[in-house]
Amino acid sequence: MACDASPLPPLDAALAAAFARVALANVTTEYPFHLAHLVRDGADLAPPRTLHAGFFGSYDWHSCVHMHWTLARCLRRHPHAPWAADARAHFDARLTAAAITQELAYFRAPQRASFERPYGWGWLLKLQAELGALAMHDAAAARWRDALAPLAGHITDSLLAFLPRADYPVRAGTHGNSAFALLLALDYAQQIQHPALVRAIGDRARRWFSRDRRYPAAYEPSGDDFLSGGLTEARLMQRVFAGEHGGCDFADWWQAFAPAPEALAHWLAPVAVSDATDAKIVHLHGLNLARAWCWRGLRPALPAELHAAVDAAIAAHIARSLPAATAGHYVGTHWLASFALLALDDAA
């Protein structure tokens, strides 16, 4: 269900083209690259394209994955756009059986079990879900989906093995955030009808978050957050309750969880970004967009008296940070289009 907020920019041809072009530019930009790589011995020293045949470029592995998701989502929405042929050619070049076999070997190598856990895991599954949706209308996407399937399967198995051992959530507003990764993984699990993964996500979310009370929203944000720990948690619990009990229990959970009004105000006003050329401070543009994404998804389940304030917050957050998604320094543009697309086209 879409929210009734003030009119937001639609994912029209022009905006989709802007997102697709920045995604294509990023995923083919090899350097600079922030390499998260455990070097076990001298033989492990290699450039990103050798280590990651599928996902090199776009500054780091996980950003490369979710900018591929951006490209796939834009292609599904605008399959006949002028840039679509370039997008399909790129997917044909990168999402091949050989490239993903190499990626899978990297994940399976000794001492790399936690590589990109949980953020990159969630985005890889989100990408696979998008390719599955795209394949329903675009035969070429079936090749890309099938090529990526072994890595998605490995990450699914890894997540199922990890969740029972994860006694405590990571609540930080950065890559380690547990709720955000599970939201992305839940999209995949529900799309492919994987009951074990759906159940594992629901069980862990309830264990982690069901007893939270009066979330301290005034503590947010930290200086390099790109997620709201509290809003992301609420969005996950909304999805879990909806899947298990028809949404009946979320209202009770929210009533207990919701911050006091003065603290809630911290979530309703967009944050300032003092230096968008700083690789950490620019995260705050992502926070604004991620908050808008959460609020749009949460709105139908929230008390009616909050709707006007939430509508205004959605519009204000998007207006503040949407321009940064396609213009500015590479420390922002290598990833922000994905979060803008979540906010505008992935709330329901």
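The values are calculated or read from the model by the stated rules, or taken from the named source; none is laboratory data. Computed from a predicted model, the values in this text were never measured in an experiment. Methodologically, a virtual Cβ is constructed for each residue, glycine included, from the backbone with ideal geometry; neighbour enumeration extends over all protein chains shown. All accessible areas refer to the heavy atoms of the entire protein, side chains included, with ligands and DNA or RNA removed. Shrake-Rupley method; radii C 1.70, N 1.55, O 1.52, S 1.80 Å.
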- Which value at 222 nm does the chain reach when only helices count, each DSSP H run of 4 or more adding -39,500 (n - 2.57), with the total divided by all residues and rounded to the nearest 500 deg cm²/dmol? -19000 deg cm²/dmol
- Over all alpha-carbon pairs in the chain, figure out the percentage whose distance exceeds 28 Å. 40 percent
- Which value, in Å², gives the accessible area per residue of the chain when a 1.4 Å probe is used on the protein heavy atoms? 40 Å²
- Message: Under the rule a/c < 1.5 gives rounded, and otherwise a/b versus b/c splits prolate from oblate, where does the stretch 29-151 land using the Cα gyration tensor?
- Response: prolate
- Note on the structure: Along the stretch 117-130, Karplus-curve 3J(HN,Hα) (6.51, -1.76, 1.60; θ = phi - 60°) to the nearest Hz, with x for Gly and Pro, reads 8, x, 4, x, 4, x, 5, 5, 5, 5, 4, 5, 4, 5
- In percent, what relative contact order does the chain have, based on Cα pairs under 8 Å that are 6 or more apart in sequence? 19 percent
- Quickly rank 23-34, 148-159 as a protection proxy: mean count of other C-beta atoms within 10 Å, highest first. 148-159, 23-34
- Heavy atoms only, probe 1.4 Å: what % of the accessible area of the chain goes to carbon and sulfur, would you let me know? 57 percent
- Query: Is the shape of the stretch 164-234 best called rounded, prolate or oblate, per the rule: a/c under 1.5 gives rounded, else a/b larger than b/c gives prolate, else oblate, with a ≥ b ≥ c the square roots of the Cα gyration tensor eigenvalues?
  - Reply: prolate
- Item | Net charge contributed by nearby residues that have their C-beta within less than 14 Å of ASP225 (K/R +1, D/E -1) | -1
- Task: Could you please report the charge total around TRP61, scoring K, R as +1 and D, E as -1 over all other residues with beta-carbon less than 11 angstrom from its beta-carbon?
- Result: -3
- Work the Kirkwood hydrodynamic radius out for the stretch 2-78: mean of 1/r over every pair of different alpha-carbon atoms, inverted, in Å. 14.2 Å
- the stretch 181-301 shape via C-alpha gyration tensor axes, a/c threshold 1.5: oblate
